[in-house]
Amino acid sequence: MPFELFLLAWCALCGYQDLRGLRVSNWLTLGGAALAGAFLLLAGHSVIGQPPAAALAAALLGLLLSVPGYWLGKLGAADVKLLFALGLASDPQTLLYTLALGCLVCLALMLASKLLIDSDKLPANCNSQLAKLRPSNFKSFPFIFALFAGLLTYMSFIQ
């Protein structure tokens, strides 16, 4: 249980950085992958208690699902690194549920930002914050924040 909280805290910190600046430090993403890999080697199981084969399969699955999006310019490098690290720390089921729930959160945030931006029902400072969520050709959507929300949702359902 404490290791799962550490995983959630790490993902929350990555999500916060992504939401605030649309960038996530390599110290967080690669550091998280290194810590998850070291934990896997030393403890003999992933952070959530799964065998090494499941964690390595999840890490490979995270790469297979995110690298094509990175090549197409739809995902950032931090998204790829985070999914790889999350795979090392978990198992394929956790990774897939987190990704699916994160995509739903992402869709909801995009729709909300599209509907609420320039709305006269919101204060001006809310509009400027929502404008960050508007996708464009020059910046990405804070997908890691959506992945954190997906992981949090999934972890709360399996507890």
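General remarks:
- Linear extension gain, Ala112 paired with Tyr70, 0.36 nm per residue minus alpha-carbon span: 12.6 nm
- Its residues counted as N, the range 1-122 yields a C-alpha radius of gyration over 2.2 N^0.38 Å of 1.14.
- Among the trypsin sites (Lys or Arg not before Pro) in the range 1-96, those placed in a DSSP loop whose Cβ has at most 15 other Cβ atoms within 10 Å are Arg23, Lys74.
- Computed from label points 7 Å out along Cα-Cβ, the spacing between Ile158 and Arg23 is 3.3 nm.
- Under 12 Å, Cβ to Cβ, from Asp79 - net charge with Lys/Arg +1 and Asp/Glu -1: +2
A short reminder: the numbers here are calculations on the coordinates, not readings from a lab. All figures in this text were calculated on a predicted structure; none of them were measured in a lab. Here Cβ is always computed from backbone atoms with ideal geometry, including for glycine, and neighbour counts include all displayed protein chains.
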